[in-house]
């Protein structure tokens, strides 16, 4: 049982767009500046997750982190490896990742199609992602995640401050009981967002400027 509960912590990235004001969101965590909400949605076996945090950074570093698949292991919880499969343009790409699970549970893998856009007036950047489970053949030693919808939304709040919003709906696949997934579904996003807030300040990302992302001036 303990091993299966740990598996839920592999919620993966960079990866369902729902309104924060929609009914049904319940606050489950409020720690270290991160707020995590969950809700039950009709027709979905697993709960949806919403994570919020205000970070001291700019848009460029955050976008750079999400697009830097090969280094997702630095901040996405339980990410074992990731790589780009195809770059369509600066605003659309496809990537692959593997998430670790404790023995004897099989590791999970996921193909994600990501599309990004920016509102030039507000400066808000949104990255919508969808799982594409049939994009490449299934590997025998991994369980393919059959369903994923997620969004990262970065809203400039004031100079050097960005409100980060992450929403997730996922089916981990395999034979994990749904009630067990729902019991711990908030832990992975919590750790991912908290890790992001720390890694975005490192030398690798903190001064990143992207020609196709417009920083908002105040």
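Just so you know, all these numbers are worked out from the coordinates, no wet-lab data involved. All of these numbers come straight from a predicted model, not from anything done at the bench. Don't worry about glycine lacking a Cβ; one is built from the backbone with ideal geometry, like all the others, and counts go over all protein chains shown.
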*Output the peptides 48-54, 33-39 sorted from most to least packed, where packing is the average of other Cβ atoms within 10 Å over each peptide's residues.*
48-54, 33-39
_Förster radius 45 Å - calculated FRET efficiency between residue 140 and residue 117, Cβ distance, rounded to 0.05_ = 0.75
*Given the peptides 204-214, 76-86, 133-143, arrange them by the average over their residues of other C-beta atoms within 10 Å, most packed first.*
76-86, 204-214, 133-143
*Using a Förster distance of 30 angstrom, determine the FRET efficiency expected from the C-beta separation of residue 195 and residue 106, and round it to 0.05.*
0.80
*Order of 145, 87 under a 10 Å beta carbon neighbour criterion, fewest first*: 87, 145
*asked:* At a 10 Å Cβ-Cβ cut-off, how would you order 197, 150, 69, fewest neighbours first?
replied: 197, 69, 150
*FRET efficiency for residue 92 and residue 26, using Cβ-Cβ distance with R0 set to 45 Å, rounded to 0.05*: 0.85
